[in-house]
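Below is one structure, written out as structure tokens; comments come after it.
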Amino acid sequence: MDYRNAGGTRGGTGLFLVGMGMFVVGLYLLFQQVDVHGGYWRWGMGTGNERTFGLTLIPLLAGIGVLFWNGSSMVGWGLAGGGLLILVAGIIANMQIHWRQTTLFNALLMLVLIAGGLGMIARSLRPSRGDGDRDDADDGRGRRRERD
């Protein structure tokens, strides 16, 4: 039985798992260096303390009210879905994301782990050139190679 790993290569699964481990550790370290804060809910460039979060709830609440009246109403589903979309977009748009102070070594370590892990994952999915001892090897264009 000819057992093939990731990418049709021998050892491809090991390379994939090592790359995935590097990628996950790099992302974990990167995410540990990021602070996320919520901002004020503002639409527009006005000054002062204008908060308009309540206005974004109107379509959502109207849609929910219509759905309680008629659960199959397309208008109700549209209002509720659109209101929820506006609500989520407003939350995401008002987030403030800051990178914590770190050393250059730590920053490079995180980025190298992420990039190296992605490279190893991509490499593990590609067929290996040194795998010529298989009988069904092809020439790279989908045709079988003749064995000498």
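Miscellaneous remarks
- Compared with the alpha-carbon gap, the fully stretched path from Leu118 to Ile91 is longer by 6.7 nm at 0.36 nm per residue.
- What the Cβ-Cβ distance of Val36 and Leu111 gives, at R0 = 22 Å and to the nearest 0.05, is a FRET efficiency of 0.65.
- Compared with the alpha-carbon gap, the fully stretched path from Phe68 to His98 is longer by 6.6 nm at 0.36 nm per residue.
FYI, it's all coordinate maths here, none of it is from the lab. Since the structure is predicted, the reported quantities are computational estimates derived from the model, not experimental observations. Cβ coordinates were reconstructed from backbone atoms using ideal geometry, including for glycine residues, and neighbour counts include every protein chain displayed.
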